[in-house]
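Data block below; observations after.
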Amino acid sequence: MEQVVKDGLNFILGAVTTVKTETEAAFTKLNAEFQTLAAKGAQDQSETSVTLRKYLQEGITQLEALAGKVNSTVEEAKQKVSSVTSK
């Protein structure tokens, strides 16, 4: 019985190690492919790409501003709730 428990534990440890190794390898490969594609995209200076980058940057800037406003509103609401509940 003791050997069965040890074998089961060793199996689990082996499986976890294998999954970890495979996950790290997949992440490394994915990251390398991402970097390759990003480099290719950075080289593309066509009018379409430049325009797309411009609009994406504007969109990101607007989203960041909106997120800042949402965070401020949430903080204000938390403070109001806190002041009401503490009375």
| Put a dot 7 Å past each Cα toward the Cβ at residue 10 and residue 34; how far apart are the dots in nm? | 3.8 nm
| field | Rounded to whole Hz, the Karplus (6.51, -1.76, 1.60) HN-Hα couplings of segment 64-74, x for glycine and proline | value | 5, 5, 4, 4, x, 5, 4, 4, 5, 5, 5
| query | Carbon and sulfur atoms: what percent of the 1.4 Å accessible area of the chain do they account for? | reply | 65 percent
| query | Quick one: how many lysine pairs in the chain have C-alpha atoms under 25 angstrom apart, if they're 8 or more apart or on different chains? | reply | 8
| request: List, in order, the whole-Hz ³J(HN,Hα) value for each residue of segment 32-40 obtained from phi through the Karplus relation with A = 6.51, B = -1.76, C = 1.60 and θ = phi - 60°; use x for Gly and Pro. | output: 5, 5, 4, 4, 4, 5, 5, 5, 5
| remark: Counting all Cα-Cα pairs in the chain, those more than 22 Å apart amount in percent to 68 percent
| request: With runs of 4+ DSSP H residues as the only contributors, calculate the mean residue ellipticity of the chain at 222 nm using -39,500 (n - 2.57) per run, divided by the residue total and rounded to the nearest 500. | output: -34500 deg cm²/dmol
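Pulled fully out, how much extra length does the chain show between residue 18 and residue 78, if you take 0.36 nm times their separation in residues and subtract their Cα-Cα distance?
Stretched fully, the residue 18-residue 78 segment lengthens by 17.0 nm.
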| query | On average, how much accessible surface per residue is there in the chain, in Å², for a 1.4 Å probe, leaving out ligands, DNA and RNA? | reply | 91 Å²
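The values are calculated or read from the model by the stated rules, or taken from the named source; none is laboratory data. These numbers were taken from a predicted model, which means no experiment stands behind them. When we count neighbours, we look across all protein chains shown, and the Cβ atoms used for this are built from the backbone with ideal geometry, even at glycine. What goes into the accessible areas is simple: the full protein's heavy atoms, side chains included, and nothing from ligands, DNA or RNA. Shrake-Rupley method; radii C 1.70, N 1.55, O 1.52, S 1.80 Å.
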